[in-house]
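Colleague: Okay, here's the structure, questions in a sec.
Please treat every number below as a calculation from the coordinates, not as lab data. Predicted, not measured: the structure shown is a model, and the values here were computed from it. Positions of Cβ are generated from backbone atoms using ideal geometry, with glycine treated the same way; all protein chains shown enter the neighbour counts.
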Amino acid sequence: MNNSITIVGHVGQNPHTVSFGDTGNKVVKFSVAVKEFSSNTDEDKTLWIDVDAWNGLGERALKTITKGREVVVNGRLAIATYPKEVNGVKVQMTKPVIKLTSFHLCGKKPASLDQSPAEEAPKKK
């Protein structure tokens with residue numbers, strides 16, 4: 001594959017589904033925060049990368065990926081366009097997006113997401 005990208009970062013928000021009218025097509029969207037380490041300054045920056053997951057992979061992402069979770073994302077780099085109003089004029093904006101081909105969850109779930117109160121194990125007496 002000649003268009004391939006891999007990033008490692010933390011999920012910025014829980015994945016959500018976007019449906020497309022009568023076609024029944026759905027895409028699952030989420031963003032990943034990736035640290036940008038700069039050798040010129042002592043300041044680290046965060047890059048926010050949008051990810052689109054289609055079909056069964058999107059359904060799997062929707063069920064397993066949660067906000068704050070560290071994830072390895074593999075995919076194809078693409079350019080998405082969207083309309084935006086700038087100074088009263090509608091313009092087409094562009095941004096990079098990763099079209100997901102696979103992902104891997106890393107480490108533990110964030111502490112607040114490990115178990116809901118209903119799922120907690122009963123305490124021994």
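Colleague: Give the residues of the range 31-87 that are of a type in the set (D, E), without any contact (Cβ under 8 Å) to a residue 40 or more places away in the chain and either assigned to a strand (DSSP E or B) or loosely packed, with under 10 Cβ neighbours inside 10 Å (or both), sorted by residue number.
Modeller: Those that are of a type in the set (D, E), without any contact (Cβ under 8 Å) to a residue 40 or more places away in the chain and either assigned to a strand (DSSP E or B) or loosely packed, with under 10 Cβ neighbours inside 10 Å (or both): E36, D42, E43, D44, E85.
Colleague: Right, here's the next one. Pick from A33, A80, A61, A53: which is out of contact with any His (no Cβ under 6 Å at 6 or more places or on another chain), of a type outside the set (K, R) and closer than 20 Å to P110 by Cβ?
Modeller: The unique qualifying residue is A61.
Residues are listed down the side, and each one gets a yes or a no for (1) over 16 Å from F103 (Cα atoms); (2) among the aliphatic types (A, V, I, L, M):
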position	(1), (2)
S19	yes, no
T41	yes, no
A53	no, yes
E59	no, no
T66	no, no
V71	no, yes
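Colleague: Please go through the range 1-30 and give me each residue that is within 17 Å of G75 (Cβ to Cβ), in contact (Cβ under 8 Å) with a residue 40 or more places away in the chain and over 11 Å from the mean Cα position of the chain (by Cα), ordered by number.
Modeller: Selection gives M1, N3, S4, I5, T6.
Colleague: Going by what's in this entry, would L105 be described as in a helix (DSSP H, G or I) and among the hydrophobic types (A, V, I, L, M, F, W, C)?
Modeller: No; evaluated as a whole, the condition is false for this residue.
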